[in-house]
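Beneath this line is the structure, given in structure tokens, with notes to follow.
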Amino acid sequence: MHISAAASFLYGSDMMAKANILNLRTDVKYLNGVGPKRAASLQKLGISTIEDLVTYYPRAYEDRSSITAIGELFPDREDCIYTVIGIIVNIREKIYGRYRSILMATISDGTGYLQVNWFNQRFLKKSLTVGKRILVYGKVGLAYGGRGMLAVTRLISFELLESGAAIQKQGILPVYQLAESISQKYIRRLTENLWASDIRIDEIIPQPIRSRYKLMPRQRALQSIHYPGNNEELTKARETLAFEELYVIQCGLLLLKRDSQQGIDGVRHLMSGSLVNSIFDALPYSLTEDQLKAWKDIEKDMEQQIPMRRLLEGDVGSGKTVIALMALVKTVENGYQGAFMVPTEILARQHYEKFTELLKETAIKVGLLVGSLSVKKHRDTLGKIANHELDIVIGTHAIIQETVKFAALGLAVTDEQHRFGISQRAALDKKGEYAPDVLVMTATPIPRTMTLTVYGDLDVSRIERLPPGRKPIRTFVRESDRRQLIYEFVKKEIVAGRQAYVVCPLIEESDNPDGSSHHVPSAEEIYNELSQGIFKNIPIGLIHGRLKKDKKQQTMADFYENKLSLLVATTVIEVGVDVPNASIMVIENAERFGLAQLHQLRGRIGRGQYSSYCILVSGSKSAVSRERLEVLRDTTSGFEVAEADLRLRGAGQFFGSMQHGTGDLKIVNVMKDTDILLRARQAALETMADAEALESIRPYLMLKYKDKFSHINDA
């Protein structure tokens, strides 16, 4: 049966299924051999439609393209997996205790004998009988205690064969992720039957792009990814489908970007004049090459009619704030107002103080809008914003309240953008008569491939190198039995006039999420231990997320003003205040934090003239945990840390909520598919410039993303 793309959209899946017309939107319950119960199990695998089934890609493959005689097997060959067919000549069972058992079969093909073991699978005893033909697929070694006999040391799969029947299952077979009652045999039968039907799958990617990038036809690629004829065909199919997956995401993001800018009157700034140049000249340091390039990108964007939508990535301390300041001065020079939104009140106050100091020789008026202002001060500030008596307003989410009316908002800057959703940023857009330019900044480094995948609707600038003169932070990994020595070193630093952080993963003991017997000291316990012990006569504070807002702000203010020498905290300080005098940080149970989070925490120190030290304390014996912490020990580059985090944790965990509604990447390997991503990005840009090609892909985008389409980048 042949179906068209038009039929897919004209008819509902139920109607077409009842008419025996299958298309990608058809519910799997209409497939032969499924039914309601199986459909429920398939749904737990994320398979609800035929499209879900054809894009349920194998996690691995069994290469049964050649059968090896037992007499030709070589034991313990690295990366060598064999397919063997033989007759079961002997079967034994050993039982150990109440639940442990081993079924041991000896098979022969006339050239030798091979032992196959099944652990704790007694239910197989009825089917594994002497005389049965069996196909086994796995690694081969020497049997334990078998006096030189060969054995399957890692059984990947097996299949009982009908006596005398021809071998039907040769070739490269798919291996799927399974759940509940779904077996490899069942899901293979479903995909085999589907491809045996006359279903036709229409192309998504326009023909000129498929030709230019030498892609396989979509239907052939989908068939080949499940049942490839050879490894070369499998590689080509995977590359084609990875390209398609990334192309669709890029088209969606670029279309979102275009739709957010098209037909909207933006603020067109003039070239930078004397005011911007005076600030540039007054800076107490020269901008780095990366900073200058980012500034040129922003200048160019602001001088266009269409609204700027730019992401500025830069490590902690890389100098993003000074770039934001210059952009804000540029909008003021053009007669507009600027808004700078940050995630915490204490950070807003610190920026306010810095901006006021840097701009004191100008006529620019800087205002602060935060929740703790008195009613009168808040009302006065709102009036000054509405009457254009303030040029730059720095604040928290209080800036986007409905009561805030800007007279002429030209630029909105948000810092640590992952803490603001798209709806909050959109609220800033509506604060002026024209759509303001928008600059979003993040100190959370994102691998280059992920930046394009996740933030493809934003133009991106990166500051990769830190300004000169910043003292590197020395990082150490220490066992928990060294805590006494560690805190003696911390005390020595404090006595010398420095300040220190101690970061804990838990607020109190009952918060231990895994319920393990291993005791994890909480922030409250550490605070009590230190304040009553080695730091008894030293001013020490405690801060965590459950404290009242006023208490948190006061504690942070006291630490900032050096009224506290030591601050015990949870990750509430991850995005916090700049304390140049803080030179040492101890992170307890460091293995419980993500690498990127540890790097963010480490960024709280090393901001002044003093040598700084970060000590990662871990009691974990895990080799993986040790490797993760050693990555942090060996590099201070946030981008390198992010790449390592991605490599060690995998794309699925790395994305998490960062994926923002784009749907899972089913086949793309974000670490290895950079070249494919760049080609797909270029193809998507070509599609955006071609009205006919864009209209051909738009229906699929709307179908795929549905209501999520307008929230692809929602944080």
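The values are calculated or read from the model by the stated rules, or taken from the named source; none is laboratory data. All values derive from a computational prediction rather than experimental measurement. FYI the Cβ positions are ideal-geometry reconstructions off the backbone, even for glycines, and counts take in every protein chain you see. Accessible surface areas use protein heavy atoms only, side chains included; no ligands, DNA or RNA. Shrake-Rupley method; radii C 1.70, N 1.55, O 1.52, S 1.80 Å.
Results for (1) of a type in the set (S, T, N, Q); (2) modelled with pLDDT of 95 or more; (3) crowded, with 21+ Cβ neighbours inside 10 Å, shown as yes or no for each residue.
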residue: 463; (1), (2), (3): no, no, yes
residue: 466; (1), (2), (3): no, no, no
residue: 471; (1), (2), (3): no, no, no
residue: 474; (1), (2), (3): no, no, no
residue: 480; (1), (2), (3): yes, no, no
residue: 489; (1), (2), (3): no, yes, no
residue: 506; (1), (2), (3): no, no, yes
residue: 509; (1), (2), (3): no, no, no
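Considering the range 247-297 alone, what residues qualify as being closer than 19 Å to residue 458 by Cβ, at pLDDT 90 or above and among the small types (Gly, Ala, Ser)?
Across the range 247-297, the qualifying residue is only 294.
Would you pick out the residues in the range 258-278 that are open to solvent by 60 Å² or more (accessible area, probe 1.4 Å), more than 30 Å from the chain's Cα centre (by Cα) and either over 17 Å from residue 436 (Cβ atoms) or in contact (Cβ under 8 Å) with a residue 40 or more places away in the chain (or both)?
Taking the range 258-278 as the starting set, the residues that turn out to be open to solvent by 60 Å² or more (accessible area, probe 1.4 Å) are 258-259, 262-265, 268, 270-271, 274, 277.
With more than 30 Å from the chain's Cα centre (by Cα) added as a condition, the list becomes 263-265, 268, 270-271, 274, 277.
Answer for the range 258-278, where residues must be open to solvent by 60 Å² or more (accessible area, probe 1.4 Å), more than 30 Å from the chain's Cα centre (by Cα) and either over 17 Å from residue 436 (Cβ atoms) or in contact (Cβ under 8 Å) with a residue 40 or more places away in the chain (or both): 264, 265, 270, 271, 274, 277.
I'm trying to understand the selection: among the residues of the range 218-238, which are closer than 20 Å to residue 675 by Cα and exposed (fewer than 14 other Cβ atoms within 10 Å of the Cβ)?
Residues satisfying the conditions are 232, 235.
Which of the residues belonging to the range 183-206 are more than 25 Å from residue 156 (Cα to Cα), in a loop (DSSP other than H, G, I, E, B) and either among the small types (Gly, Ala, Ser) or free of Cβ contacts under 8 Å to residues at least 60 places away in the same chain (or both)?
Passing the criteria: 197, 203.
Name the residue that is farthest from residue 601 (Cα to Cα), counting only residues in the range 304-322 that are assigned to a strand (DSSP E or B) and open to solvent by less than 10 Å² (accessible area, probe 1.4 Å). Don't jump to the end; show me each part of the working.
Let us first name the residues in the range 304-322 that are assigned to a strand (DSSP E or B), namely 309-314.
Filter once more, keeping what is open to solvent by less than 10 Å² (accessible area, probe 1.4 Å): 311-314.
On the way: 311: 22, 312: 20, 313: 17, 314: 15 Å.
Among them, the one singled out is 311.
Residue-by-condition table, conditions (1) open to solvent by less than 40 Å² (accessible area, probe 1.4 Å); (2) among the small types (Gly, Ala, Ser):
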position: 171; (1), (2): yes, yes
position: 177; (1), (2): no, no
position: 181; (1), (2): no, yes
position: 187; (1), (2): yes, no
position: 191; (1), (2): yes, no
position: 194; (1), (2): yes, no
position: 198; (1), (2): no, no
position: 202; (1), (2): yes, no
position: 208; (1), (2): no, no
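Given the structure, is residue 86 buried (at least 18 other Cβ atoms within 10 Å of the Cβ), part of a strand (DSSP E or B) and not acidic (Asp, Glu)? Spell out the reasoning first.
Details: buried (at least 18 other Cβ atoms within 10 Å of the Cβ): yes; part of a strand (DSSP E or B): yes; not acidic (Asp, Glu): yes.
Judged against the criteria, residue 86 is a match.
Condition test on residue 98, is it among the charged types (D, E, K, R) and either in a helix (DSSP H, G or I) or closer than 22 Å to residue 131 by Cβ (or both)? Show your work before the answer.
On the way: among the charged types (D, E, K, R): yes; either in a helix (DSSP H, G or I) or closer than 22 Å to residue 131 by Cβ (or both): no.
Considered against the rule, which asks whether it is among the charged types (D, E, K, R) and either in a helix (DSSP H, G or I) or closer than 22 Å to residue 131 by Cβ (or both), residue 98 comes out as no.
Out of the residues in the range 553-565 that are open to solvent by 50 Å² or more (accessible area, probe 1.4 Å) and free of Cβ contacts under 8 Å to residues at least 24 places away in the same chain, which is nearest to residue 497 (Cα to Cα)?
Restricting attention to the range 553-565, the residues satisfying the condition of being open to solvent by 50 Å² or more (accessible area, probe 1.4 Å) are 554, 560-563.
Filter once more, so that each one left must be free of Cβ contacts under 8 Å to residues at least 24 places away in the same chain: 554, 561.
On the way: 554: 21, 561: 13 Å.
So, considering only residues that are open to solvent by 50 Å² or more (accessible area, probe 1.4 Å) and free of Cβ contacts under 8 Å to residues at least 24 places away in the same chain, the one nearest to residue 497 (Cα to Cα) is 561.
State all residues of the range 365-394 that are β-branched (Val, Ile, Thr) and open to solvent by 20 Å² or more (accessible area, probe 1.4 Å); if no residue qualifies, say none. Give the derivation first.
As a first pass, look at the range 365-394 and keep what is β-branched (Val, Ile, Thr): 366, 370, 375, 381, 385, 392-394.
Those that are β-branched (Val, Ile, Thr) and open to solvent by 20 Å² or more (accessible area, probe 1.4 Å): 366, 375.
Checking the condition under 29 Å from residue 397 (Cβ atoms), in contact with a Ser or Thr (Cβ under 9 Å, 6 or more places away or on another chain) and at pLDDT 90 or above, which residue from 329, 322 passes?
Working: 322 fails: in contact with a Ser or Thr (Cβ under 9 Å, 6 or more places away or on another chain).
Criteria check complete, one pass: 329.
Residues in the range 342-351: is at least one closer than 30 Å to residue 572 by Cα, over 29 Å from the mean Cα position of the chain (by Cα) and among the basic types (Lys, Arg)?
yes
Residue by residue, here is whether (1) aromatic (Phe, Trp, Tyr); (2) open to solvent by less than 70 Å² (accessible area, probe 1.4 Å); (3) part of a strand (DSSP E or B) holds:
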residue: 58; (1), (2), (3): no, yes, no
residue: 71; (1), (2), (3): no, yes, no
residue: 77; (1), (2), (3): no, no, no
residue: 80; (1), (2), (3): no, yes, no
residue: 90; (1), (2), (3): no, yes, yes
residue: 128; (1), (2), (3): no, yes, no
residue: 131; (1), (2), (3): no, yes, no
residue: 141; (1), (2), (3): no, yes, yes
residue: 147; (1), (2), (3): no, no, no
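Would you confirm, using the coordinates I've provided, whether residue 136 is touching a Pro at 6+ places or on another chain (Cβ under 6 Å) and within 30 Å of residue 238 (Cα to Cα)? Steps first, answer last, please.
Working: touching a Pro at 6+ places or on another chain (Cβ under 6 Å): no; within 30 Å of residue 238 (Cα to Cα): yes.
For residue 136, the condition - touching a Pro at 6+ places or on another chain (Cβ under 6 Å) and within 30 Å of residue 238 (Cα to Cα) - is not met.
Could you tell me whether residue 243 is touching a residue at least 24 places away in the same chain (Cβ under 8 Å) and over 30 Å from the mean Cα position of the chain (by Cα)?
Values: touching a residue at least 24 places away in the same chain (Cβ under 8 Å): yes; over 30 Å from the mean Cα position of the chain (by Cα): no.
When the stated conditions are applied, residue 243 does not pass them.
Would you pick out the residues in the range 279-316 that are farther than 20 Å from residue 442 by Cβ and in contact (Cβ under 8 Å) with a residue 24 or more places away in the chain?
Scanning the range 279-316 gives 279, 280, 282, 283, 285, 289, 299, 303, 304, 305, 306.
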